[in-house]
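> Here you go, one structure.
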Amino acid sequence: MKFILAFRPRSDGSREMFDYEWGVIHPTLMITTRSVMRGFKRYAQHRTPDGVSDELYQYGRHDLGWYAFSDHWLDSLEDLLAMFHGDDYPQRMQPHNFGDHNFVIELLDGEVIHDQPRPFTGRGGVKLVNFIARREGMEQTAFAASWNGDYAENLRRIAASGLVKRAVLNTQLPLDAATFTGTLFEMGGVQTYAGTEELWFADLADLRSYLKVVDDDHDTAKVKQELVDADRSFSMVVVERVVWDYTADQPPPRPAVENPKSLEALLLHQEKPWGRWNTIEPAHD
């Protein structure tokens, strides 16, 4: 399953500092936090490039102007709960507050609709991410059946033309907002979007060509009209950075913090709980 977030820098900070905090400090904290590395099998960051024209945002930009989108893969909701309510995540990760208090938060199940022989992910190009709100009155089960049925078939047919390098459809899973009580995410909007669509392209020109094809495709337009509330949906055009991927055929080495004799594990052992960094402890040799 996927735990995803759309968010933006803090209003009192610069984007440059946000990129540094999220791009350097945050991953460094993650790979030295045991529960994070046990839970997240894959982690990717996405950022909105400058100068992308509005017509490439298929459903328009979000009113809050999201800049960042993060994608975390895990085996179960229990792994996420163990992380948030354990010992090390609240102490090490939660105080690192570098983004705005507003979020889009979704828990999703994903299916690859189209791909290259070698998966096209994290290696340049651009990516279109559509956050889809379902039609008023439509149940999630009915949406999921059509989203993963007729809509997926139409997308697979169009993607086979070669413009789309990779296509993934994600469907909303149940998630209780109370899951995030006491965390940085409790202010975020939870379970707003029935599904998300991830489409990878070689460049902006191919993205533009794809949108023209979709606009002219009668079958796709018919299914979208039945499924999608376009006014409540939104898009992000992003560049992707895959930070780690343990689901890949050639995964990275396991983090050093898992070795109790490593420097990273020794530093972790030396850390103090909140409010106790300057307390006097018994002397020892």
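The values are calculated or read from the model by the stated rules, or taken from the named source; none is laboratory data. In this text, all values refer to a predicted model and were calculated from it rather than measured experimentally. Quick reminder, even Gly has a Cβ in these numbers, built from the backbone with ideal geometry, and neighbours come from all protein chains shown. Surface areas here come from the heavy atoms of the whole protein model, side chains and all, with no ligands, DNA or RNA. Shrake-Rupley method; radii C 1.70, N 1.55, O 1.52, S 1.80 Å.
> Please name whichever of F40, V129, P174 sits farthest to the positive end of the charge dipole of the range 2-266, dipole taken about the Cα centre and charges placed at Cβ: Lys and Arg +1, Asp and Glu -1.
Selected residue: F40.
> Separate question: Which value at 222 nm does the chain reach when only helices count, each DSSP H run of 4 or more adding -39,500 (n - 2.57), with the total divided by all residues and rounded to the nearest 500 deg cm²/dmol? Please list the in-between numbers first.
Details: 10 runs with 77 residues, N = 285.
Mean residue ellipticity at 222 nm (helix-derived): -7000 deg cm²/dmol.
> I'd like to compare 257-265, 47-55: which one has the highest average count of other Cβ atoms within 10 Å, and what's the full order after that? Don't skip to the answer; put the middle values down first.
Working: 257-265: 13.0, 47-55: 11.0.
The most tightly packed comes first, giving 257-265, 47-55.
> Ignoring any ligand, DNA or RNA, what whole percent of the accessible area of the chain comes from carbon and sulfur when the probe is 1.4 angstrom? It would help to have the intermediate numbers written out before the result.
Details: 7510 of 14390 Å².
Reported share for carbon and sulfur atoms: 52 percent.
> Related question: How about K272: which aspartates and glutamates have a C-alpha closer than 17 Å to its C-alpha, ignoring those fewer than 8 places off in the same chain?
Straight-line reach from K272, under 17 Å: D87, D88, E264, E281.
> Under the classification rounded if a/c is under 1.5, otherwise prolate if a/b is larger than b/c and oblate if not, where does the chain fall, given a ≥ b ≥ c as square roots of the Cα gyration tensor eigenvalues? Don't skip to the end; give the middle numbers.
Values: a/c = 2.03, a/b = 1.88, b/c = 1.08.
The shape class here is prolate.
> Hey, which lysines would be in cross-link range of K2, C-alpha to C-alpha under 16 Å, not counting anything within fewer than 8 residues on its own chain?
Partners within reach: K41.
> Same structure, new question: Using a simple charge model, +1 on the beta-carbon of Lys and Arg, -1 on the beta-carbon of Asp and Glu, nothing else, what dipole does the range 24-102 show about its Cα centre, in debye to the nearest 20?
On the way: 7 positive and 11 negative charges, 70 e Å.
Dipole about the Cα centre, nearest 20: 340 debye.
> Please work out the average accessible area per residue across the range 2-266, using the 1.4 Å probe convention, and give it in Å².
In whole numbers, the range 2-266 has 46 Å² accessible per residue.
> Okay, next question. What whole-number distance in Å separates the alpha-carbon centres of the range 266-285 and the range 203-261?
44
> Another one. Give, as a single signed number, the net charge of other residues whose beta carbon lies under 15 Å from the beta carbon of S53, with Lys and Arg counted +1 and Asp and Glu -1.
Working: positive: R61, R208, K212; negative: D50, D54, E55, D203, D206.
In short, -2.
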